[in-house]
Amino acid sequence: MSDGRPDALGEDPAMLAAAARALEMVGDGMVVGLGSGRTASVFVRMLGARVRQGLRVTGVPASAETSALALASGIPLASLTEDVVLDLTVDGADEVAPNLDLIKGYGGALVRERIVAAASRRQVIVVGTDKLVRMLGERHAVPVEVIPFAAAPVARAMKSAGIRPRVRRDAAGAREFVTDNGNLMMDCELSSPIVDARAARSLDAALRAMPGVVDTGLFLGTAERVLVGHADGRVDMMVRGGAGT
């Protein structure tokens, strides 16, 4: 198991720098939401190294994969109960717009990521500069989690709305990708990027209104701040409604 040092993690410097800055926000005794995906896994391994050095935290993972990594890293875990409020959630994103609206879900855990974020006082996103876009949908399709029974009618409704859905396959391409919730993921190609925040919210509402859609990868207004790592180790901080540093 990695010892949590940057050279041991084998990741790119921008990702390491952003994750390290997020780690500075974790205090002793905190309950921390642990996102999923590559960047979040870097943070989890770094947090595990701090725990082994004596930091007392409890993690709430957003996916089975993150849970396994956190346990292997020595992080005590808890489940979401009525009396658990997370101090902070650290997660990644696939696209970040200037207003901090996000596309998430390429790690396949968007529903649980949203639940963990909603149970947190703060959601902090860690990314490299490659995730910054002018408009959502510039580089990625919008992931949508769908109940398998509804896959065909949902796909038909999406096509009628000018959206091109594609059912995600697993890493080997041999079968359909199935989420931790037992659902399918549709990656939805848009005819053009989403022009502004109002259009993003309109699209999100339209997708959610389709019977069988569980959630979308449009995370709108959830991030308190975004930490943007650079290859030279610098980290920019984008804050919702405020100036970055």
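The values are calculated or read from the model by the stated rules, or taken from the named source; none is laboratory data. Model, not experiment: these values are computed from the prediction. Please note: Cβ atoms are built from the backbone with ideal geometry, for glycine as well, and neighbour counts cover all protein chains shown.
Within the span defined as the range 39-46, every residue fails to be at pLDDT 95 or above and assigned to a loop (DSSP other than H, G, I, E, B). Residues in the range 147-156: is at least one farther than 26 Å from residue 63 by Cβ and of a type in the set (A, V, I, L, M, F, W, C)? Yes, there is a match, as at least one residue in the range 147-156 is farther than 26 Å from residue 63 by Cβ and of a type in the set (A, V, I, L, M, F, W, C). Just so you know, in the range 69-95 the residues that are closer than 17 Å to residue 37 by Cβ and of a type in the set (D, E, K, R) include one that is farthest from the chain's Cα centre (by Cα), and it is 95.
On the given criteria, is residue 63 more than 18 Å from the chain's Cα centre (by Cα) and either under 12 Å from residue 33 (Cα atoms) or of a type in the set (A, V, I, L, M) (or both)? Explain how you work it out, then say what you get.
On the way: more than 18 Å from the chain's Cα centre (by Cα): no; either under 12 Å from residue 33 (Cα atoms) or of a type in the set (A, V, I, L, M) (or both): yes.
No.
All conditions but one from (1) more than 23 Å from residue 236 (Cβ to Cβ); (2) outside any strand (DSSP E or B); (3) free of Cβ contacts under 8 Å to residues at least 60 places away in the same chain apply to residue 59; the one that does not is (2). Report whether or not residue 204 is touching a Leu at 6+ places or on another chain (Cβ under 6 Å) and either in the same structural domain as residue 112 (by TED's automatic domain parsing) or not aromatic (Phe, Trp, Tyr) (or both). Here the answer is yes, as residue 204 does meet what is asked. For residue 162, the conditions (1) modelled with pLDDT of 95 or more; (2) in a loop (DSSP other than H, G, I, E, B); (3) closer than 16 Å to residue 94 by Cα are fulfilled apart from (3).
Just a yes or no: is a residue in the range 18-26 free of Cβ contacts under 8 Å to residues at least 12 places away in the same chain, surrounded by fewer than 23 Cβ atoms within 10 Å (Cβ to Cβ) and more than 23 Å from residue 186 (Cβ to Cβ)?
Filtering the range 18-26 for residues free of Cβ contacts under 8 Å to residues at least 12 places away in the same chain gives 24.
The next check asks that each one be surrounded by fewer than 23 Cβ atoms within 10 Å (Cβ to Cβ); those that pass are 24.
The next check asks that each one be more than 23 Å from residue 186 (Cβ to Cβ); those that pass are 24.
Within the range 18-26 (the criterion being free of Cβ contacts under 8 Å to residues at least 12 places away in the same chain, surrounded by fewer than 23 Cβ atoms within 10 Å (Cβ to Cβ) and more than 23 Å from residue 186 (Cβ to Cβ)), the answer is yes, since at least one residue qualifies.
Yes/no matrix, rows are residues, columns are (1) hydroxyl-bearing (Ser, Thr, Tyr); (2) more than 18 Å from the chain's Cα centre (by Cα):
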residue	(1), (2)
147	no, yes
150	no, yes
160	yes, yes
175	no, yes
180	no, no
193	no, yes
207	no, yes
213	no, yes
224	no, no
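Per-residue answers, yes or no, for (1) part of a loop (DSSP other than H, G, I, E, B); (2) at pLDDT 95 or above; (3) in contact with a strand residue (DSSP E or B) (Cβ under 9 Å, 6 or more places away or on another chain); (4) aromatic (Phe, Trp, Tyr):
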site: 67; (1), (2), (3), (4): no, yes, yes, no
site: 71; (1), (2), (3), (4): no, yes, yes, no
site: 74; (1), (2), (3), (4): yes, yes, no, no
site: 81; (1), (2), (3), (4): yes, no, no, no
site: 84; (1), (2), (3), (4): yes, no, yes, no
site: 93; (1), (2), (3), (4): yes, yes, yes, no
site: 105; (1), (2), (3), (4): yes, yes, yes, no
site: 144; (1), (2), (3), (4): no, yes, yes, no
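The set of residues in the range 195-209 being over 15 Å from residue 158 (Cα atoms) and in a helix (DSSP H, G or I) consists of 197, 198, 199, 200, 201.
Hey, can you tell me all the residues within the range 140-180 that are free of Cβ contacts under 8 Å to residues at least 60 places away in the same chain, under 20 Å from residue 39 (Cβ atoms) and surrounded by 13 or more Cβ atoms within 10 Å (Cβ to Cβ)? Even if it seems obvious, please write down each step before you answer.
Initial filter on the range 140-180 (free of Cβ contacts under 8 Å to residues at least 60 places away in the same chain): 140-141, 148, 152-167, 169-176, 178.
Now narrow it down to the ones that are under 20 Å from residue 39 (Cβ atoms): 140-141, 171.
140, 141, listed by residue number.
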